[in-house]
Amino acid sequence: MLASHLERLLSYHGWAYQRLLQGLQALDEAEYRAPCGLYFGSIHGTLNHLAVADRIWLARLRAQPQPFASLDAEAATERSALADYLQHGVQAWLEQLHAYDDAELLQPLAYRNMRGEAQAKPIADLVLHLVNHGSHHRGQISAALTAMGQAAPALDYLYYLPDAT
């Protein structure tokens, strides 16, 4: 039950990325890369942060070396490559999730945070964090779109449900 719920949340995560990326097509390159008051500067910077964070967490889950040295690293310079990178990251998360049963998802994962400090959190909570983190920054990007006079796509989970069933 828990694994299927987390799978649905990760699927939502991918759907929300796809919807947002479609909404960003209306922006020219200058608008897409312009500083707009977001924590990671621009829309491009914020999307890169999401791509980097998603992959850092996936590497931790897989006990692999950390793929990026900082949370503001650039995963991809080109817009289309970044979109692909985000979508492939969600697919990799979904595949990784299939390796766990409900009991394993409740077990803590030991990892080191970006400061090198030892941490341990249940895997299920890390998946929830990943999706929540994405929602937080997608919301920031939506606000930036609105401030630019563009329409922001509806990204609420409830809008995903009719597409998911």
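Show the residue pairs meeting these rules: Cβ distance below 8 Å; 6+ apart or different chains; first residue within the range 126-138 and on the phi > 0 side of the Ramachandran plot and touching a residue at least 60 places away in the same chain (Cβ under 8 Å); second residue surrounded by fewer than 22 Cβ atoms within 10 Å (Cβ to Cβ) and of a type in the set (A, V, I, L, M).
Short answer, once both residue conditions are applied: none.
List pairs: first in the range 59-71 and farther than 19 Å from Pro108 by Cα and in contact (Cβ under 8 Å) with a residue 40 or more places away in the chain, second surrounded by 12 or more Cβ atoms within 10 Å (Cβ to Cβ) and not β-branched (Val, Ile, Thr), Cβ under 7 Å, 6+ apart or cross-chain?
Pairs that qualify, where the first residue is farther than 19 Å from Pro108 by Cα and in contact (Cβ under 8 Å) with a residue 40 or more places away in the chain and the partner is surrounded by 12 or more Cβ atoms within 10 Å (Cβ to Cβ) and not β-branched (Val, Ile, Thr), are Leu71/His49; Leu71/Ala53; Leu71/Met114.
Which one of the conditions (1) in contact (Cβ under 8 Å) with a residue 12 or more places away in the chain; (2) more than 22 Å from Ala92 (Cβ to Cβ); (3) not basic (Lys, Arg) does Gly14 fail to meet, given that it meets all the rest?
Only one criterion in (1) in contact (Cβ under 8 Å) with a residue 12 or more places away in the chain; (2) more than 22 Å from Ala92 (Cβ to Cβ); (3) not basic (Lys, Arg) is unmet by Gly14, namely (2).
Can you name the condition, by its number, that Gln66 falls short on among (1) over 21 Å from Ala16 (Cα atoms); (2) among the polar types (S, T, N, Q); (3) part of a helix (DSSP H, G or I)?
Of the numbered conditions (1) over 21 Å from Ala16 (Cα atoms); (2) among the polar types (S, T, N, Q); (3) part of a helix (DSSP H, G or I), the odd one out for Gln66 is (3).
Out of contact with any Leu (no Cβ under 7 Å at 6 or more places or on another chain), within 25 Å of Val127 (Cβ to Cβ), at pLDDT 95 or above and among the charged types (D, E, K, R) - does that describe any residue in the range 77-94?
Yes, the range 77-94 contains at least one residue that is out of contact with any Leu (no Cβ under 7 Å at 6 or more places or on another chain), within 25 Å of Val127 (Cβ to Cβ), at pLDDT 95 or above and among the charged types (D, E, K, R).
Which of the residues spanning the range 93-111 are small (Gly, Ala, Ser) and either in contact with a Lys or Arg (Cβ under 8 Å, 6 or more places away or on another chain) or part of a loop (DSSP other than H, G, I, E, B) (or both)?
Hit for the range 93-111 is Ala99, nothing else.
Residues of the range 120-135 being among the aliphatic types (A, V, I, L, M) and part of a helix (DSSP H, G or I), which ones?
Selection gives Ile123, Ala124, Leu126, Val127, Leu128, Leu130, Val131.
Being surrounded by fewer than 17 Cβ atoms within 10 Å (Cβ to Cβ) and touching a residue at least 60 places away in the same chain (Cβ under 8 Å) is the filter here; which residues of the range 72-97 pass it?
Gln87, Gln91, Leu94
Does the range 17-39 hold any residues that are touching a residue at least 60 places away in the same chain (Cβ under 8 Å), in contact with a helix residue (DSSP H, G or I) (Cβ under 9 Å, 6 or more places away or on another chain) and either among the basic types (Lys, Arg) or farther than 13 Å from Val90 by Cβ (or both), and which are they?
Scanning the range 17-39 gives Arg19, Gly23, Leu24, Ala26, Leu27, Glu31, Cys36, Gly37, Leu38, Tyr39.
Please enumerate the residues belonging to the range 139-154 that are without any contact (Cβ under 8 Å) to a residue 24 or more places away in the chain and part of a helix (DSSP H, G or I).
Within the range 139-154, Gly139, Ala143, Thr146 meet the criteria.
Mind listing whichever residues of the range 19-28 are outside any loop (DSSP other than H, G, I, E, B) and loosely packed, with under 15 Cβ neighbours inside 10 Å?
Gln22
The values are calculated or read from the model by the stated rules, or taken from the named source; none is laboratory data. Every value quoted in this text rests on a predicted model; they were computed, and no experiment measured them. Cβ atoms come from the backbone with ideal geometry, glycine included; neighbour counts cover every protein chain shown.
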